[in-house]
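Here the structure is laid out as structure tokens; the discussion comes afterwards.
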């Protein structure tokens, strides 16, 4: 009997939110409100963007069971479009983000309809190849600025009122958007739609025989995941005021997989924890150059061999709660 | 019930498919040169017993002793190399191999296996179909191939899982004759059959299984006296 | 020299040759991937890194021991194949019972580790490797100039691909492999040591990748990232061809190499992406790939 990629530690089939989730959420929000006074806001904002990115990715792998190796294309291209919209078209931040996110949604629709035609391993390879194609487009397109990327992206004034150049203002904005994104993901998972997704992951054949158009559900999940990944990318472009090739490279896709794996596939808070950990690790190890890659790869290997539930997953399993 | 002279001695064999406990303590033995049949309805654990002996089912406890050697804990290839051969219910003919390759696949585990000519004597059809793809054969031919290939190995204990399932009466007769010939040559056979009449022509002893246990046992001579009981067990 | 569609023949055939060369590598690598996938049911993401290790093995053998190209063609695949056997025994074996995507994740992690380690030791820029003396120079065929080494690469790849195909489809050993791909549990119950065969198959596939690396060393620079971009293209090749047949993988590899080469002549901006575009089209009209079984 094969262990599926996703065997969640505790599958709670109740509609009401588990108390453990409420507590974890409250704790997380409290920490994040206090954090900028202790830790660099830029670091936190980076971690928050990646937390959203990882949660979006987790929606697909954790609840539908599809491993995308090309999520960087949504993240990166949204980032490019937002940067371009803010810098060249002079749009205010809310519209720039909207454009970036919409781009990711469209890309998600196109890529999803191609990739969903195949299962499992083929799906992974197709998403990787499509993302690589988008990488080459980014490399060659004029507006992306090639190797230099789009620099000096203005943050602007949110709704014409809030000046996002202030660190705390920007931080609050990012925090609110990311939390909203997480709540949205949570609502999706616990809606009737989400129940069908879980049913597909558990027994696709049976779900088909029950009359559900499984392909359409998968596609919708894919597009949602891509769109939220795009939202993360759009935010990131404004946070760093930069959009670059790194954001569309396959290593970025690898990073988000690592974050989710390390944090805990199929858990609610796993990707958040994983994102913070990996971003911290990358900052800490930055002076060691290429060793970051080696260590990340090693963590990957160790997680797959011995630590498949991830940190939050293990914690949830040990405490027998849902996290 | 276990006999130290027995070729195969199974004691308190339990087995699991994942979480599901399918064998609850099976005990029986097979003497050298015998044909012993496991009878029972669908799903009582007959095939599971064969697979547990063969080590194909890995979650098993108890004792399976072959020629004095304990098989529990050994991987299936080691068990085969002790001199046991398995002919599965679904026949297991490899589609990506032709008939000849299928025939030659199982390696010799003991000296004294039948050579190809002897196998063709038993199953003449196979000689004509040597280069055909394995699964292009009819059901009966596939069954003959499945039996034929394990005869090459030199194994002295044959585990045959429902060899007559889904076959025409003419073929069933042929297989019956073959098994009779093998028995005469000293092979020991553990047979799983639902076709009770077929088993009746060959078996020396019968064990009846129900819910993963042996519930009854009688010799060929006692068959007549027990037909009604048997019909109950088999739900016929 | 003459012109075809306004392109000078030298340029056209030069690119076609380059296309055939790329196709040789696509074929060799997708062959290795297909063999590994058949037996282990995992996609070996580390294939590109193992290809790179083959090239580095050749380079290091020359640098430190003076052992040249011809010996490296034999030694490098054995060395790197041995590391593959270690990987299978230490890591992949434990993932056998799990969802095959874990195998993909693990080999992905391994690829990153391997590339990172080499990048740390050797930097990002390419290291040179000389074409062996006996294969230097070339012949002027009139419509193009054919470098000897490139002709050699094409011939050797074809030979290795066909030999592998023959070994798998027509020999006794190959029948054991084919049976294990189909029903490893039953084959093991016949007394065949299937786990050992699986390990050796992985080693062989890795060795094939390393062989391609040695062949690539004199053509492309030997660099730590030479494998990663290549392997993604090979994945696309594999999706286009499907993993159902060995011959299919070989044919698809060579064909796509040629197509890529032609694209470089007529639409140079599209050359990096043409294979991906073809993959997208194939997915629309024939999702299982040209030679694939539906999976």
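The values are calculated or read from the model by the stated rules, or taken from the named source; none is laboratory data. Keep in mind that what you see is a predicted model, and the values were worked out from it rather than measured. Methodologically, a virtual Cβ is constructed for each residue, glycine included, from the backbone with ideal geometry; neighbour enumeration extends over all protein chains shown.
Observations on the structure shown:
- Tally of residues being more than 8 Å from chain A (Cβ to nearest Cβ) and over 11 Å from residue C:236 (Cβ atoms) across the stretch C:271-287: 4
- Of all residues in the stretch B:109-123, those being more than 9 Å from chain C (Cβ to nearest Cβ) and within 26 Å of residue B:31 (Cα to Cα) number 9.
- Only one of the numbered conditions (1) touching a residue at least 24 places away in the same chain (Cβ under 8 Å); (2) over 22 Å from the mean Cα position of the chain (by Cα); (3) in a helix (DSSP H, G or I); (4) farther than 27 Å from residue B:88 by Cβ is not met by residue C:93, and that is (4).
- Yes/no for residue C:177 being more than 14 Å from chain B (Cβ to nearest Cβ), more than 26 Å from residue A:251 (Cα to Cα) and more than 16 Å from the chain's Cα centre (by Cα): no
- Flag for residue A:143 being farther than 21 Å from residue A:243 by Cα, more than 10 Å from chain C (Cβ to nearest Cβ), touching a residue at least 40 places away in the same chain (Cβ under 8 Å) and more than 20 Å from the chain's Cα centre (by Cα): no
- Check on residue C:292, within 16 Å of residue A:114 (Cβ to Cβ), in a loop (DSSP other than H, G, I, E, B) and more than 14 Å from the chain's Cα centre (by Cα): yes
- Only one entry in C:213, C:203 is touching a strand residue (DSSP E or B) at 6+ places or on another chain (Cβ under 9 Å) and either modelled with pLDDT of 95 or more or under 28 Å from residue C:21 (Cα atoms) (or both), namely C:213.
- The stretch C:257-286, subset buried (at least 19 other Cβ atoms within 10 Å of the Cβ) and part of a loop (DSSP other than H, G, I, E, B), residue modelled with the highest pLDDT: C:273
- Test: residue C:111 is out of contact with any helix residue (DSSP H, G or I) (no Cβ under 7 Å at 6 or more places or on another chain), buried (at least 16 other Cβ atoms within 10 Å of the Cβ) and not in a loop (DSSP other than H, G, I, E, B): no
- Hits in the stretch C:88-102 - residues which are farther than 14 Å from residue A:307 by Cα and either modelled with pLDDT under 90 or touching a strand residue (DSSP E or B) at 6+ places or on another chain (Cβ under 7 Å) (or both): C:96, C:97, C:99, C:100, C:101
This table checks each residue for (1) surrounded by fewer than 19 Cβ atoms within 10 Å (Cβ to Cβ); (2) touching a strand residue (DSSP E or B) at 6+ places or on another chain (Cβ under 9 Å); (3) on the phi > 0 side of the Ramachandran plot; (4) within 14 Å of chain A (Cβ to nearest Cβ).
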{"residue": "C:27", "(1), (2), (3), (4)": "no, no, no, no"}
{"residue": "C:34", "(1), (2), (3), (4)": "no, no, no, yes"}
{"residue": "C:57", "(1), (2), (3), (4)": "no, no, no, no"}
{"residue": "C:69", "(1), (2), (3), (4)": "no, no, no, no"}
{"residue": "C:78", "(1), (2), (3), (4)": "yes, no, no, no"}
{"residue": "C:107", "(1), (2), (3), (4)": "no, no, no, yes"}
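- Any hit, the stretch C:163-175, residues being in contact (Cβ under 8 Å) with a residue 12 or more places away in the chain, surrounded by fewer than 19 Cβ atoms within 10 Å (Cβ to Cβ) and farther than 28 Å from residue A:61 by Cβ: yes
- Candidates in the stretch C:220-245 are the residues that are touching a helix residue (DSSP H, G or I) at 6+ places or on another chain (Cβ under 7 Å) and either assigned to a loop (DSSP other than H, G, I, E, B) or on the phi > 0 side of the Ramachandran plot (or both); of these, the one that is farthest from the other protein chains (Cβ to nearest Cβ) is C:220.
- Selection count where residues are assigned to a helix (DSSP H, G or I) and over 26 Å from residue A:186 (Cα atoms), scope the stretch A:269-299: 17
- Residue check for residue A:237: away from chain C (no Cβ under 14 Å), within 26 Å of residue A:194 (Cα to Cα) and surrounded by 22 or more Cβ atoms within 10 Å (Cβ to Cβ): no
- For the stretch B:124-148, a residue qualifies if it is touching a strand residue (DSSP E or B) at 6+ places or on another chain (Cβ under 8 Å) and away from every other protein chain (no Cβ under 14 Å), and exactly one does: B:132.
- Residue list for the stretch A:294-305, restricted to those being free of Cβ contacts under 8 Å to residues at least 24 places away in the same chain and at the interface with chain C (Cβ under 7 Å from one of its Cβ atoms): A:294, A:297, A:298, A:301, A:305
- Pairs with Cβ under 6 Å, 6+ apart, first in the stretch C:117-135 and part of a helix (DSSP H, G or I), second at pLDDT below 85: C:119/A:290; C:120/A:290
- Failed condition for residue A:322, given (1) surrounded by fewer than 16 Cβ atoms within 10 Å (Cβ to Cβ); (2) at pLDDT below 85: (1)
- Qualifying position, being under 25 Å from residue B:48 (Cβ atoms), without any contact (Cβ under 8 Å) to a residue 40 or more places away in the chain, within 12 Å of chain C (Cβ to nearest Cβ) and buried (at least 16 other Cβ atoms within 10 Å of the Cβ), among B:96, B:76: B:76
- Considering the conditions (1) without any contact (Cβ under 8 Å) to a residue 40 or more places away in the chain; (2) assigned to a helix (DSSP H, G or I), residue C:254 is excluded by exactly one of them, (1).
- Just so you know, in the stretch B:63-73 the residues that are within 15 Å of residue B:6 (Cβ to Cβ) and in a loop (DSSP other than H, G, I, E, B) include one that is nearest to the other protein chains (Cβ to nearest Cβ), and it is B:71.
- Restricting B:182, B:190, B:202 to residues that are in contact with a strand residue (DSSP E or B) (Cβ under 8 Å, 6 or more places away or on another chain) and part of a strand (DSSP E or B) narrows the list to B:190.
Conditions (1) surrounded by 22 or more Cβ atoms within 10 Å (Cβ to Cβ); (2) within 15 Å of residue C:45 (Cα to Cα), marked per residue:
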{"residue": "C:195", "(1), (2)": "no, no"}
{"residue": "C:210", "(1), (2)": "yes, yes"}
{"residue": "C:213", "(1), (2)": "yes, no"}
{"residue": "C:219", "(1), (2)": "no, no"}
{"residue": "C:227", "(1), (2)": "yes, yes"}
{"residue": "C:234", "(1), (2)": "yes, yes"}
{"residue": "C:240", "(1), (2)": "yes, no"}
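- Near pairs, Cβ below 6 angstrom, 6+ apart or cross-chain, from the stretch B:37-62 (more than 14 Å from chain C (Cβ to nearest Cβ)) to any residue that is assigned to a loop (DSSP other than H, G, I, E, B): B:37/B:193; B:37/B:203; B:41/B:235; B:45/B:212; B:46/B:40
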